[in-house]
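Visitor: One structure, as structure tokens, below. Some questions next.
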Amino acid sequence: MEIKKLTFSYGDKSFIEGLSGKIEKGKITTILGPNGCGKSTLLNLLVNQLKPQGGQILLDGRDVKRIPLREMARNVAMVHQQNSVPADTTVERLIEFGRMPYQTMFSSEDEEGESVVKWALKVTNLEHMAKKRVGQLSGGERQRAWIALALAQKTDILFLDEPTTYLDIYYQMEILTLVRRLNREYGMTIVMVLHDINQAMQFSDNLIIMKKGTICYAGDVEGGITEARLKEVYGIDAVIKWSKQNNCPYMIPIVEPEEYGHAVAM
């Protein structure tokens, strides 16, 4: 995907202006930045769920605004930060909703639908929960079910808006490990929004770092997270180390209580 001079406003307030960049095929790209910088807005623009006032978003050279919704749903899948479905819906039924882009007005079935649903259950390790109701799932299980729904769309690109929000650390790592597997084993292009900088460095190939509706960095992980950029974007002091075990950089914030006195209980 390619972003060209993108402009977006909420009402009369300009939010994104002249933004350009690329999403590299076959890579995991994570969008980082402070709260309110435009991460989720950019994600929704990329999947054509928000309409820009100016500029273009190109998918394989085509402007996404000109791609019919059904065709778009066969090319990109999106898992939002918050999702809802009746609590008595079974996991299997939820995943079947992902086949809707392939159904027609003459038939509610598509030829490969059943096998795709079984594949999505297997990939997300939910086979034994197929008949379980969504309301009975834990937070991590529920998130895997929503990812399975997106997988059932059989797209090449998967978008995830803060997929680890509200999960404890075990389920965060479970979801991110699943994301990496989808990329490495199935060749999916992944674009996700994360808040955790260290998780982004561990599980991403590329980073897009945003500040106030603009991209201040787009490129590989090692070049993206520097002590100077953390100060510029987040306003924090930190040191960057290298993890031999994970083969990636990680950052350690330097916290002086007197500098953050309004947020620290003493």
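A short reminder: the numbers here are calculations on the coordinates, not readings from a lab. Since the model is a prediction, treat every value here as computed from it, not as a measurement. Note that each Cβ is placed from the backbone with ideal geometry, even for glycine, and that neighbours are counted across all protein chains shown.
Visitor: Once the piece of chain linking Asp63 and Asp220 is laid out straight, how much longer is it, given 0.36 nm per residue of separation minus the C-alpha distance between them?
Guide: Going from the current span to full extension adds 53.9 nm.
Visitor: Please work out the Cα center distance from the range 110-172 to the range 176-208, rounded to the nearest Å.
Guide: So the two Cα centres are separated by 16 Å.
Visitor: Per residue of the range 149-157, in order, report the coupling 6.51 cos²θ - 1.76 cosθ + 1.60 (Karplus, θ = phi - 60°) as ³J(HN,Hα) in whole Hz, putting x for Gly and Pro.
Guide: Result, ordered by residue: 4, 5, 5, 5, 6, 6, 9, 8, 10 Hz.
Visitor: Anyone know which of Met210, Met251, Met78 comes out most mobile in the 10 Å Cα GNM of the chain?
Guide: Among Met210, Met251, Met78, the largest mean-square fluctuation in the Gaussian network model of the chain belongs to Met251.
Visitor: Let me ask something else about it. What percentages make up the Cα-Cα pair-distance distribution of the range 119-264 when the bins are 5 Å wide from 0?
Guide: Once binned at 5 Å, the Cα pair distances of the range 119-264 give 2, 8, 16, 18, 17, 15, 10, 7, 5, 2, 0.
Visitor: Tell me which residues come under 5 Å, amide H to amide H, from Lys211 once H is placed; ignore anything under 5 positions away on its chain.
Guide: Counting only residues 5 or more places away or on other chains, the set is Cys216.
Visitor: What length, rounded to one decimal in nm, is gained on full extension from Asp205 through to Met173, with 0.36 nm per residue of separation minus their alpha-carbon distance?
Guide: 9.9 nm
Visitor: Ignoring the sites themselves, what is the longest stretch of the chain with no GluC sites (Glu not before Pro) in a DSSP loop and at most 13 other beta-carbon atoms within 10 Å?
Guide: 113-266
Visitor: Run the numbers for Ile252 and Glu232: contour at 0.36 nm per residue of separation, minus the present Cα-Cα distance, in nm.
Guide: Full extension from Ile252 to Glu232 adds 5.6 nm.
Visitor: Then there's this: What whole-number volume per residue, in cubic angstrom, does the convex hull of the C-alpha atoms of the chain give?
Guide: Cα-based convex hull of the chain, divided per residue, equals 163 Å³.
Visitor: What dipole magnitude, in Debye to the nearest 20, does the chain give about its Cα centre under +1 on Lys/Arg Cβ and -1 on Asp/Glu Cβ?
Guide: Dipole about the Cα centre, nearest 20: 480 debye.
Visitor: Taking θ as phi - 60°, what are the ³J(HN,Hα) couplings along the range 15-21 by the Karplus curve (6.51, -1.76, 1.60), each to the nearest whole Hz, with x for Gly and Pro?
Guide: With coefficients 6.51, -1.76 and 1.60, one gets 10, 10, 9, x, 7, 9, x Hz.
Visitor: With +1 on each Lys and Arg Cβ and -1 on each Asp and Glu Cβ, how big is the dipole of the range 169-221 about its Cα centre, in debye rounded to the nearest 20?
Guide: That gives a dipole near 140 debye.
Visitor: Report the one residue of Gln53, Gln199, Gly219 whose Cα lies farthest in the direction of the positive end of the charge dipole of the chain (charges on C-beta: Lys and Arg +1, Asp and Glu -1; origin at the Cα centre).
Guide: Ranked along the dipole, the leading option is Gln53.
Visitor: Mind computing the radius of gyration and Dmax over the alpha-carbon atoms of the range 92-161? Å is fine for both.
Guide: 12.0, 37
Visitor: Test of the criteria: in the range 175-249, which trypsin sites (Lys or Arg not before Pro) are in a DSSP loop and have at most 11 other Cβ atoms within 10 angstrom of their Cβ?
Guide: Lys244
Visitor: Turning to a different aspect of this structure: Just to check I understand the Karplus step: with θ = phi - 60° and J = 6.51 cos²θ - 1.76 cosθ + 1.60, what whole-Hz values come out for the range 168-181, glycine and proline as x?
Guide: After applying 6.51 cos²θ - 1.76 cosθ + 1.60, I find 6, 4, 4, 6, 4, 5, 4, 5, 5, 5, 4, 4, 5, 5 Hz.
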